[in-house]
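Undergrad: Below: one structure in structure tokens.
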There are 2 protein chains.
Amino acid sequence: MTGQAGEASTRRTARSKITPEREAELYEAVLELLRERGYEALTMDAIAARTRSSKATLYRQWGTKGQLVIAALRHGKPFDIEDIDTGTLGGDLREMTRRTGKAAGEDTELLQAITHAARQDEDLRLAMREMLIRPENEVLERALARGAERGEVDPGNPALGYVVHALLGALLARPLIEDDYADGPYLEHFLDSVVLPALLLRPENPRP
Amino acid sequence: MTGQAGEASTRRTARSKITPEREAELYEAVLELLRERGYEALTMDAIAARTRSSKATLYRQWGTKGQLVIAALRHGKPFDIEDIDTGTLGGDLREMTRRTGKAAGEDTELLQAITHAARQDEDLRLAMREMLIRPENEVLERALARGAERGEVDPGNPALGYVVHALLGALLARPLIEDDYADGPYLEHFLDSVVLPALLLRPENPRP
């Protein structure tokens, strides 16, 4: 993977001839195809056909399928939870699960489509984490730190290190077990039943 | 999908000419290729080459790639946790995570390889659940029921309905967040930090 920075910057120059609207449209089409077919079966031919581009153009501007998918992942913004700060840790976590649950179908499908290939492709794995895992993780870590500062949770509670694993896990596990995505109500119930009790926080809106 | 039962029984007759050893070897090769390439990019050509079979034989005996992969999944036994009964719920869950963790790499890879395709292919999805999800789930449900009978856990605790989601979730989530599978020690720590506290069971071997 040497020389990629140079190639990428050359490509960026070439790509700059495309309008931002056209670029966004192309990335959307790539993500759509990715969700439909999975990374391994996605071909440049299919991308060219769907986006009405020539394959030569795609190769010239993005280099490889991997680079194009990574650019599309980086471009996409699956959800925006950055502004969440309700004043309590329970409230923050609840608002995060609500918003995450809204995009659960699309996000889970995208993760499922690239997870296996990402095992063998480090660039793809890093882009997946950068785009789909890290932003949510950082917002979550900040909310947990605020909760610890306010004394709502013991900073030594070992569950603090697993909140992101537990919530991402619920998102990934549900469609394998049941014929449904982990939507907002499911994630909220999981939060109340598993995550908040493990953090020794009380659910604010206990269910009957 | 009509007429499949009849076709399957015809194929079973044809398949019976293969020795069980050869059949087991072929299924192992299919699972190996599946883990390497993912379901969508797996081709009958590749299976024929790896197993030194003719494509005509594969199609005659299994019908489709999906049928062959399902047969291989049904044949494989990823782990054996059926006999676990330590006398306490905490002990049972700990022993399950230990054994599950041993095969975490192979099992996770197999799940990752078929999860996306299983969304669109009902037969594959049912075979995946039958082979890779349901056996573990049933053993877990029996252990939870014994724990409730012994009074170790409140039968009304809502976390009881999420133990399988939480543990399967940890298995799926860890390799996305970190460069590692959810091995035995990881799953045990997740159990002690998240699952047992949510069940209001005390960890038997608390960590420092």
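Undergrad: Could you count how many residues in segment B:63-91 are more than 19 Å from B:GLU130 (Cα to Cα) and in contact (Cβ under 8 Å) with a residue 24 or more places away in the chain?
TA: The qualifying residues number 7.
Undergrad: Which one is surrounded by the fewest Cβ atoms within 10 Å (Cβ to Cβ) among residues in segment A:74-98 that are modelled with pLDDT under 90 and part of a helix (DSSP H, G or I)? Give the steps one after another, and end with the answer.
TA: Step one: of segment A:74-98, the residues modelled with pLDDT under 90 are A:74-82.
Narrowing further to those that are part of a helix (DSSP H, G or I): A:74-75.
Working: A:ARG74: 12, A:HIS75: 15.
Ranking the qualifying residues of segment A:74-98, first place goes to A:ARG74.
Undergrad: Give me the residue from segment B:88-118 that is under 12 Å from B:LEU167 (Cβ atoms) and of a type in the set (A, V, I, L, M) and, out of that set, farthest from the other protein chains (Cβ to nearest Cβ).
TA: B:MET96
Undergrad: Taking interchain pairs and intrachain pairs at least six residues apart, which have beta carbon atoms under 7 angstrom, with the first residue in segment B:157-168 and more than 7 Å from chain A (Cβ to nearest Cβ) and on the phi > 0 side of the Ramachandran plot and the second of a type in the set (Phe, Trp, Tyr) and surrounded by 19 or more Cβ atoms within 10 Å (Cβ to Cβ)?
TA: none
Undergrad: Another question, if that's okay. Only residues that are in a helix (DSSP H, G or I) and at the interface with chain B (Cβ under 9 Å from one of its Cβ atoms): list them for segment A:169-185, please. Spell out how you get there, then give the answer.
TA: Quick first cut of segment A:169-185, residues in a helix (DSSP H, G or I) only: A:169-177, A:184-185.
Of everything in segment A:169-185, those that are in a helix (DSSP H, G or I) and at the interface with chain B (Cβ under 9 Å from one of its Cβ atoms) turn out to be A:GLY169, A:ALA170, A:LEU171, A:LEU172, A:ALA173, A:ARG174, A:PRO175, A:LEU176, A:ILE177.
Undergrad: Related question: Collect the residues in segment B:127-156 that are more than 10 Å from chain A (Cβ to nearest Cβ), more than 20 Å from B:LEU33 (Cα to Cα), assigned to a helix (DSSP H, G or I) and not acidic (Asp, Glu), keeping them in residue-number order.
TA: Taking segment B:127-156 as the starting set, the residues that turn out to be more than 10 Å from chain A (Cβ to nearest Cβ) are B:127, B:130-131, B:135-136, B:138-156.
Now narrow it down to the ones that are more than 20 Å from B:LEU33 (Cα to Cα): B:130, B:135-136, B:138-156.
Right, trim to assigned to a helix (DSSP H, G or I) and you get B:130, B:135-136, B:138-149.
Within segment B:127-156, B:PRO135, B:VAL139, B:LEU140, B:ARG142, B:ALA143, B:LEU144, B:ALA145, B:ARG146, B:GLY147, B:ALA148 meet the criteria.
Undergrad: Sticking with this structure for a sec: I'm checking my understanding of the structure. Among residues of segment B:117-132 that are aliphatic (A, V, I, L, M) and buried (at least 18 other Cβ atoms within 10 Å of the Cβ), which one is farthest from the chain's Cα centre (by Cα)?
TA: We begin by selecting, within segment B:117-132, every residue aliphatic (A, V, I, L, M); these are B:117-118, B:124, B:126-128, B:131-132.
Next cut, buried (at least 18 other Cβ atoms within 10 Å of the Cβ) only: B:117-118, B:124, B:127-128, B:131-132.
Working: B:ALA117: 16, B:ALA118: 13, B:LEU124: 13, B:ALA127: 10, B:MET128: 7, B:MET131: 6, B:LEU132: 2 Å.
Among those that are aliphatic (A, V, I, L, M) and buried (at least 18 other Cβ atoms within 10 Å of the Cβ), it is B:ALA117.
Undergrad: In the list A:ALA170, A:ALA159, which residue meets the criterion of being more than 15 Å from A:GLU95 (Cα to Cα), modelled with pLDDT of 95 or more and touching a Phe, Trp or Tyr at 6+ places or on another chain (Cβ under 7 Å)? Talk me through it step by step, then tell me what you get.
TA: Numbers: A:ALA159 fails: touching a Phe, Trp or Tyr at 6+ places or on another chain (Cβ under 7 Å).
Exactly one residue qualifies, and that residue is A:ALA170.
The values are calculated or read from the model by the stated rules, or taken from the named source; none is laboratory data. Since we're looking at a predicted model, the values are computed, not measured. Neighbour counts run over all protein chains shown; Cβ positions are idealised from the backbone, glycine included.
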